[in-house]
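The next block holds one structure in the form of structure tokens; read it before the comments.
The values are calculated or read from the model by the stated rules, or taken from the named source; none is laboratory data. Being a predicted model, the structure only gives us computed values, none of them experimental. Every residue, glycine as well, gets a Cβ built from its backbone with ideal geometry; the counts of neighbours run over all protein chains shown. Side chains included, ligands, DNA and RNA excluded: accessible areas come from the protein's heavy atoms. Shrake-Rupley method; radii C 1.70, N 1.55, O 1.52, S 1.80 Å.
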Amino acid sequence: MSDSQQPVSSSPFIRQWEDTRSDVLNAVAAVGESGWYILGERVRRFEEKIAGYCGRTHAVGCASGLDAIELALRVLGLRPGDKVLTTPLSAFATTLAIVRAGGRPVFVDTDEFGLLDLDLADQALEHDSEIRFLVPVHLYGRCLDIGRLTDIQSRHGIPVIEDCAQALGAAHDGRPAGSVGLVATLSFYPTKNLGALGDGGALVTDDPEVAELAGQLRDYGQGAKFEHLHIGMNSRLDELHAAVLEDVFLPRLEEWNTRRAEVAGRYLEGISNPDVRPVPASRGFQSSWHLFPVRVPEDGRAAFRAHLEAGGVPTAVHYPTLIPSQPALSSGPHEVIGTVERARALTEEEVSLPIHAYLLDWEVERVVQLVNEWRAERGNGDSAGADTATGDDVEGDDLRRSG
Ligand SMILES: Cc1ncc(COP(=O)(O)O)c(C=O)c1O
């Protein structure tokens, strides 16, 4: 099949496997030969490396990014019903972790870039002294203003837990995502910039007591074997995942992030269409380019996606529904302060173009060409292509679409 007939790959997995296969198999063999599968030397070594990568002194591996946030909140002393300020636009996991830890999520709007509006967050903290934690998200790989976050943390004396699931490698004014909060959390879900061959997560911190308690909580709350100090959980990073991450994927992360940045650079340079606005790239931040979001007119989104899909370009929406509007929260405790209209507009207008470290040049050029060809229909709705649209309720992190 020639390039022109092939669809653009939505995920890197098949090519990543071809590229890393022998190193991965060696890492797996080393774990098998060690005869140790749970919380052994490989997890300890990977924790040391990932803490170092994040500029932190400690890391605690766990089963997912979701669990990392829950563990962080529990370690920092969240009590049932405590209010936790966060963003209405993120993976649902950010809020789910708050609810699972027993907290009450409180939402303020995002800015026009989809990041938590730090002015609104500041005001909310000013007016409501019951808010006890702040969980900001470096969404799409874009880094929030680290200086402002640091200032908010110290002025309000409030623990910040940075959700860095999408932001490994992102920075603001040279200061990395994950460097502000008492704790920062990571996800190694396969589509992430540093993705495992399955689920995984970690929290990073400079506080040895936080790390020790998180290490106990993830392992049934054990201090020593069969001595259960806390009501913990089973959320352990497997030796197999740790070995593959440490030996094979972490050493390639910089190279992979560089390729993501090249792809993003080409999109930013090549996309020229009045109806398609890339969510801007700068304002002092260096993105990890986890995603490449663009905005199109709301009533043209289905047609835009159908146009790309017909040309073999898969797209996704991050995110089609605001977190406070999710059915799971309808009867659950939460608060929305003010309107969340900027976040809502993104749920209606955002489209994520393909981006990953194994995207090929011809695929990038195909995306640019198709994006530039498209024109929104004016004045008569969005009938064109609506039948063939992939549907706005589809999220992009779909592991079934690989290669
Ligand atoms: C911003 C954000 N937070 C948290 C998570 C949860 O991570 P995991 O899927 O590893 O539980 C994700 C991943 O989907 C995410 O994108």
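The table that follows gives values for the structure above.
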read-out	value
Index of the failed condition, residue 107 passing every other in (1) at pLDDT 95 or above; (2) of a type in the set (Phe, Trp, Tyr); (3) open to solvent by 10 Å² or more (accessible area, probe 1.4 Å)	(3)
Restricting the stretch 170-210 to residues that are away from the ligand (no atom under 16 Å from the Cβ) and among the acidic types (Asp, Glu), the residue that is farthest from residue 259 (Cα to Cα)	209
Qualifying residue in the stretch 151-162 (condition: hydroxyl-bearing (Ser, Thr, Tyr) and either under 14 Å from residue 285 (Cβ atoms) or touching a residue at least 24 places away in the same chain (Cβ under 8 Å) (or both))	no
Number of positions in the stretch 117-142 that are within 16 Å of the ligand (Cβ to nearest atom) and on the phi < 0 side of the Ramachandran plot	8
Count - residues of the stretch 295-323 that are away from the ligand (no atom under 16 Å from the Cβ) and either in a loop (DSSP other than H, G, I, E, B) or surrounded by fewer than 21 Cβ atoms within 10 Å (Cβ to Cβ) (or both)	13
Residue count for the stretch 57-94, restricted to those that are more than 10 Å from the ligand (Cβ to nearest atom) and among the polar types (S, T, N, Q)	2
Spans of helices (runs of 4 or more DSSP H) in the stretch 1-96 with at least 3 residues assigned by TED's automatic domain parsing to the domain that holds residue 247 and open to solvent by 40 Å² or more (accessible area, probe 1.4 Å)	13-34, 41-53
Failed condition for residue 101, given (1) free of Cβ contacts under 8 Å to residues at least 40 places away in the same chain; (2) within 10 Å of the ligand (Cβ to nearest atom); (3) open to solvent by 10 Å² or more (accessible area, probe 1.4 Å)	(2)
Those residues of the stretch 355-367 which are open to solvent by less than 10 Å² (accessible area, probe 1.4 Å) and of a type outside the set (A, V, I, L, M, F, W, C), in sequence order	356, 363
Number of the condition not met by residue 223 [criteria: (1) under 19 Å from residue 101 (Cβ atoms); (2) part of a strand (DSSP E or B)]	(1)
Hey, residue 113 assigned by TED's automatic domain parsing to the domain that holds residue 42, within 16 Å of the ligand (Cβ to nearest atom), modelled with pLDDT under 95 and open to solvent by 10 Å² or more (accessible area, probe 1.4 Å) or not	yes
Test for residue 106: is it in contact with a Lys or Arg (Cβ under 6 Å, 6 or more places away or on another chain), hydrophobic (A, V, I, L, M, F, W, C) and over 24 Å from residue 278 (Cα atoms)	yes
Residues within the stretch 230-252 that are open to solvent by 50 Å² or more (accessible area, probe 1.4 Å) and farther than 18 Å from residue 39 by Cα, tallied	3
Only listed residue being crowded, with 23+ Cβ neighbours inside 10 Å, among the hydroxyl-bearing types (Ser, Thr, Tyr), part of a loop (DSSP other than H, G, I, E, B) and outside the structural domain of residue 169 (by TED's automatic domain parsing), chosen from 272, 288	288
Residues satisfying the stated conditions in the stretch 305-338, i.e. out of contact with any Pro (no Cβ under 6 Å at 6 or more places or on another chain) and β-branched (Val, Ile, Thr)	313, 315, 317, 321, 337
